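The values are calculated or read from the model by the stated rules, or taken from the named source; none is laboratory data. Please read all numbers here as calculations on a predicted model, not as lab measurements. Methodologically, a virtual Cβ is constructed for each residue, glycine included, from the backbone with ideal geometry; neighbour enumeration extends over all protein chains shown.
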Amino acid sequence: MTNPLKRILLVDDSPRDTELALDALAQNSLAKEVVTLRDGVEALDYLYRRGPFVDRTDSQPAVVLLDLKMPKVDGIEALPLPGPRAVPARSPQERGGVLGKSLSSGAVEPEPVAADGSRRTSREAERLAPTAVGGYGSLSQPPPVQTR
Amino acid sequence: MTNPLKRILLVDDSPRDIELALDALAQNSLANEVVTLRDGVEALDYLYRRGPFADRTDSQPAVVLLDLKMPKVDGIEVLRQIKSDPQLKMIPVVVMTSSREEQDLVRSYQLGVNAYIVKPVQFQEFVEAVKQVGAFWAVVNEPPPGSARSLRPKLP
């Protein structure tokens, strides 16, 4: 199609998770088209092109990777937006929250957590992340250009 | 967990594409939990547990891989019925089609499709695409309640 690299919007308040995700995406040469934001307010401002993003003229992202537990506006509040989303939920409670609300999220994907509750090693996270993006970012055709 | 493999419902009228897809899923050890159906009527009967599937008691699939151009009832209609039914709308649906028509793409997203894959023409690329889609939706993604597997927290 016309645009081989589809933009990924990554919304996560954890600098460590963002860094790991960017490393993982770079391994698939996808990192150059990732926009990283830190909370739900920024994410909504970006998508609605308001506030600091009022001058944004490029198209909407092909996918939003959305953390749930974030300051200001959480991921659940940002969910009922058009277009593909993948939610890296960390806890069963978070998953229950998403699913219980019957939102039509594209995908809920648990962030890798080891049996003792700690996050998995970065290697494991990186092993999983390309699969996730491979299943979504690189293969799936995004909706047609969403410019206003 | 009782059922570690999440079921994939593959709906495609092309025997060749089904065979290739099953081969690809088998490479990721996912093939034994794939149900293959050949048209939209079968797919809806399966999901609604009616007709030949009236006695089906197992859970809904973790994902539906749905061709668009099919006899009897096409994929768009199957997608429309799934996403307009409160009982079925949470089931992830991935359109896998040879159609590059913008109309199909737009309609699918309007109806709430979870991903839209244009089937690669080349054999090897097609296999690779199915492997990636299967790995994501049947392994990485957490399906809604009522699908084959639920990651409930272990009771102490």
| task | Taking A:T36 as meeting all but one of (1) touching a strand residue (DSSP E or B) at 6+ places or on another chain (Cβ under 7 Å); (2) over 24 Å from A:I76 (Cβ atoms), write down the number of the exception. | result | (2)
| request: Could you identify the single residue in B:V64, B:V94, B:V41, B:V113 that is away from chain A (no Cβ under 11 Å) and closer than 19 Å to B:V130 by Cβ? | output: B:V64
| Test result for B:V113, among the aliphatic types (A, V, I, L, M) and buried (at least 21 other Cβ atoms within 10 Å of the Cβ) | yes
| Taking helices (runs of 4 or more DSSP H) that fall entirely within segment A:1-82, which contain at least 3 residues that are among the hydrophobic types (A, V, I, L, M, F, W, C)? | A:15-27, A:40-48
| query | If we scan segment B:48-57, do we find a residue that is touching a residue at least 24 places away in the same chain (Cβ under 8 Å) and outside any loop (DSSP other than H, G, I, E, B)? | reply | no
| note | Taking segment B:58-77 and keeping residues in a loop (DSSP other than H, G, I, E, B) and acidic (D, E) leaves B:D58, B:D67, B:D74
| note | Taking segment B:32-67 and the residues there that are under 18 Å from B:P143 (Cβ atoms) and of a type in the set (G, A, S), the one that is surrounded by the most Cβ atoms within 10 Å (Cβ to Cβ) would be B:A43
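Out of all the residues in segment B:105-112, is one or more part of a helix (DSSP H, G or I), within 21 Å of B:G75 (Cβ to Cβ), touching a Lys or Arg at 6+ places or on another chain (Cβ under 6 Å) and touching a residue at least 24 places away in the same chain (Cβ under 8 Å)?
For segment B:105-112, residues part of a helix (DSSP H, G or I), within 21 Å of B:G75 (Cβ to Cβ), touching a Lys or Arg at 6+ places or on another chain (Cβ under 6 Å) and touching a residue at least 24 places away in the same chain (Cβ under 8 Å): present.
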| remark: Sole miss for B:R100 among (1) at pLDDT below 95; (2) in a strand (DSSP E or B) is condition (2)
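Could you list, in sequence order, the residues of segment B:35-47 that are hydroxyl-bearing (S, T, Y) and assigned to a strand (DSSP E or B)?
B:T36
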